[in-house]
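Here, each number is a calculation from the coordinates, and none is a lab measurement. As the structure is a prediction and not an experimental result, all values here were calculated from the model. Every residue, glycine among them, receives a Cβ derived from its backbone with ideal geometry; neighbour counts consider all protein chains shown.
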Amino acid sequence: MLLAHASATILYKQQYKVLLSASLPSSICIALCYVLFITQYKQHGSVGISVYTYGAVPLTNSVKDKQATARVNDFYIGWILHPLVFGDYPETMKTNVGSRLPAFTEEESEQVKGAFDFVGVINYMALYVKDNSSSLKPNLQDFNTDIAVEMTLVGNTSIENEYANTPWSLQQILLYVKETYGNPPVYILENGLSLSLSASLRL
């Protein structure tokens, strides 16, 4: 998926987001601008990628739970952003998933690195995270066992209030993306709180 995203990004920037070098003589720039205007309209667009996130907090102050929380961020956020920023998956993913995680060639690494203009963040809830390293068993191999954690939703999760009100989780995610991935432009694509069920609600 990331390689397809990178290919589409490169194609868009080459075909529809043309940037002229300031070092070119003005006469050449004028000529190029005219040709480009005739052949292809410059869209001034940007290419981004969306990431579904959780505000992950350790259940306790133990080292293992803190490490487990870091794994949650690596698996949910780093799985997408780490290759796009650094050209490879997080080390925790490579360790836990092993050979089942596709490896980037050097050329592919360079292709995916930087293949985005902004990050779209989706967040509705926060999770308590507890270490569950015992789930790393050879006969059980999927996303949930590879991450090796137990996760519990923060707050009231009754039918009337499906997601608890945790605005701090969005703040935490934005700060994490800023500090971990070089402060890229971020758009909040989805965020909110579900309403209580009521027959009086109007469509």
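A compact table of results
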| read-out | value |
| --- | --- |
| Per-pair calculated FRET efficiency, R0 = 25 Å: S46 and E91 via Cβ, rounded to 0.05 | 0.25 |
| Segment N191-E179, length gained on full extension (0.36 nm per residue, minus Cα span) | 2.2 nm |
| Cα-based reach from K64 at 13 Å (exclusive), listing aspartates and glutamates while leaving out same-chain residues under 8 positions away | D131, E150 |
| Length added when fully stretched, Y12-L153, from 0.36 nm per residue minus Cα-Cα | 46.8 nm |
| Full-extension gain in nm, D142 to S99, via 0.36 nm per residue minus C-alpha separation | 14.2 nm |
| Estimated FRET transfer efficiency when R0 is 41 angstrom, pair M1-Q67 (beta carbons, to 0.05) | 0.90 |
| Where a label projected 7 Å from the Cα of T60 along Cα→Cβ would reach, residues of the stretch 103-144 with amide N under 17 Å | 128-135 |
| Cross-link table K137/K178; K113/K178; K113/K137, entries beyond 24 Å C-alpha to C-alpha | K137/K178; K113/K137 |
| Summed side-chain charge close to L2 - residues other than L2 whose Cβ falls under 11 Å, Lys, Arg +1, Asp, Glu -1 | -1 |
